[in-house]
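Below is one structure, written out as structure tokens; comments come after it.
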Amino acid sequence: MEMKRINAGKLRAIGYDAKERILRVELDDGSAIDYSGVGNETWRRFSTTSSSAMWSFYRDNIEEEFHGKRGRATSNAAASRAALD
């Protein structure tokens, strides 16, 4: 899943898997949350929201509406190193 780096409230990166309908958000504490069942329209609206309004959109339209599974965020550099090991 391609992640888009952002700086909005506690959000640090967002990504979406259209085939699986999973939205991933990475937070400033290093955690990641995958939300299942997120439609393309919700992703489009979220990903095109201005950074000043993105945290509010996330809290109102994603966090409150979808079930999230929490995990740890992995940076691309860490993932690349792991693939090389």
Does the range 27-48 include one or more residues that are charged (D, E, K, R), open to solvent by less than 70 Å² (accessible area, probe 1.4 Å) and out of contact with any helix residue (DSSP H, G or I) (no Cβ under 6 Å at 6 or more places or on another chain)? yes
State all residues of the range 1-59 that are aromatic (Phe, Trp, Tyr) and in contact (Cβ under 8 Å) with a residue 24 or more places away in the chain; if no residue qualifies, say none. TYR16, TYR35, TRP43, PHE46, TRP55, TYR58
Within the set of pairs 6 or more residues apart or between chains, which connect a residue that is farther than 11 Å from ILE22 by Cα inside the range 60-72 to a residue that is at pLDDT below 95 and open to solvent by 100 Å² or more (accessible area, probe 1.4 Å) with Cβ atoms less than 7 Å apart? none
Test ARG5 against the criterion of being touching a strand residue (DSSP E or B) at 6+ places or on another chain (Cβ under 6 Å), in a strand (DSSP E or B) and surrounded by 13 or more Cβ atoms within 10 Å (Cβ to Cβ), and give yes or no. no
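The values are calculated or read from the model by the stated rules, or taken from the named source; none is laboratory data. Keep in mind that this is a model prediction, so the values were computed, not measured. All Cβ positions, glycine included, derive from the backbone under ideal geometry; neighbour counts span all protein chains shown. Accessible surface areas use protein heavy atoms only, side chains included; no ligands, DNA or RNA. Shrake-Rupley method; radii C 1.70, N 1.55, O 1.52, S 1.80 Å.
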